[in-house]
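Notes for the one structure printed next.
The values are calculated or read from the model by the stated rules, or taken from the named source; none is laboratory data. Here the structure is a predicted model, which means the values were calculated and not measured. A quick note on method: Cβ atoms are made from the backbone with ideal geometry, for glycine too, and the neighbour counts reach across all protein chains shown.
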Amino acid sequence: MKRTAAKILCIILMQVCLHAHLAAQDRPFRIGFQASPVFSGMRNKDDLIVKNGGNLGLKLGAISDIYFKNNLSFTLGLNLAFHEGGEFLYEIGGNYLPDSELSDPLLQTGDKPLPDGVKIRYQLQYLEVPVGLKFRTEEKGNITYFFEAPILTFSFLTRGRGDIESEDFLYEQENIYKDLIVANIFFGLGAGVEYAISKNNSLIGGLYWQRGLFDVTKDNGWRAIHNPDIIPTYLKQEDDSRATVGNLILCLGILF
């Protein structure tokens with residue numbers, strides 16, 4: 001899947017470059033590339049599923065500006081986003097990964113295969129198509145400031161891995177793709193600066209924020225609550241949590 005996503009990205013980048021060349025003949029058009037660090041985290045509406053740390057990720061891909069006024073442009077991109085997500089601590093254990101392809105079947109066997117206090121770190125890789133609107137100031141010297149909002153990013157999961165940890169065990173890089181939602185939409189905004197290094201080329205740097213609009217987990221599992229007064233001694237409560245991803249992005253790139 002990772003190789004397939006990379007091939008798709010390369011093919012689309014070639015198409016973007018071709019269209020950029022053709023579009024430049026008719027209207028202002030700029031294209032560039034970014035390699036941007038991402039500080040990613042997750043939150044949950046369920047009070048018994050606690051945020052317990054984030055991930056450091058990376059976005060790689062193409063960016064483009066299509067001007068319709070001097071200081072206004074539509075933005076379009078294509079990215080591979082690596083290692084987004086974060087870690088949850090599940091105060092009450094259960095079976096939270098029933099459909100995943102885990103290396104140890106005991107992690108999915110019985111009424112409560114994952115103990116109280118188990119930690120799951122979600123590591124997500126997306127193929128992204130961001131679309132936005134960018135506002136620019138007039139250039140002063142070599143510097144132009146910009147603000148970009150709104151930004152809608154259509155994201156497609158290409159890889160899902162998880163680290164599962166308790167006091168008694170640690171499993172790393174488990175395949176949890178089948179317990180994750182494949183598609184998501186992120187809403188975001190950002191601001192930054194362009195520094196012209198030549199007539200047509202500019203370095204860009206900015207700070208962006210984005211939040212996923214949908215749950216990233218399928219919630220097919222259950223929470224197992226201990227109750228010694230019933231047989232079996234665990235009361236299964238359907239997982240009805242809602243996990244969303246939020247990202248803080250340090251955008252670093254170049255525009256041609």
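Miscellaneous remarks
- Meets criteria (among the small types (G, A, S) and either surrounded by 14 or more Cβ atoms within 10 Å (Cβ to Cβ) or under 30 Å from K59 (Cα atoms) (or both)) for G110: no
- Test result for F156, modelled with pLDDT of 95 or more, part of a strand (DSSP E or B), touching a Gly at 6+ places or on another chain (Cβ under 6 Å) and within 17 Å of F82 (Cβ to Cβ): no
- The stretch 158-168: number of residues that are closer than 11 Å to L124 by Cβ and crowded, with 20+ Cβ neighbours inside 10 Å: 3
- Whenever a residue of the stretch 53-67 is over 16 Å from Q34 (Cβ atoms) and of a type in the set (V, I, T), its partners that are assigned to a strand (DSSP E or B) and modelled with pLDDT of 95 or more, lying with C-beta atoms within less than 7 angstrom and at least six residues away or across chains, give the pairs I66/S73; I66/F74; I66/L76.
So that you can scan it fast, the table gives a plain yes or no per residue for (1) crowded, with 17+ Cβ neighbours inside 10 Å; (2) more than 12 Å from the chain's Cα centre (by Cα); (3) modelled with pLDDT of 95 or more; (4) over 22 Å from Y177 (Cβ atoms):
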{"site": "S36", "(1), (2), (3), (4)": "yes, yes, yes, yes"}
{"site": "F39", "(1), (2), (3), (4)": "no, no, yes, yes"}
{"site": "N44", "(1), (2), (3), (4)": "yes, yes, yes, no"}
{"site": "V50", "(1), (2), (3), (4)": "no, yes, yes, yes"}
{"site": "E84", "(1), (2), (3), (4)": "yes, no, yes, no"}
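- Checklist (1) more than 22 Å from Q123 (Cβ to Cβ); (2) hydrophobic (A, V, I, L, M, F, W, C); (3) surrounded by 20 or more Cβ atoms within 10 Å (Cβ to Cβ) applied to A196, failing item: (3)
- Residue match in the stretch 136-151 (condition: closer than 18 Å to G57 by Cβ and either surrounded by fewer than 19 Cβ atoms within 10 Å (Cβ to Cβ) or modelled with pLDDT of 95 or more (or both)): yes
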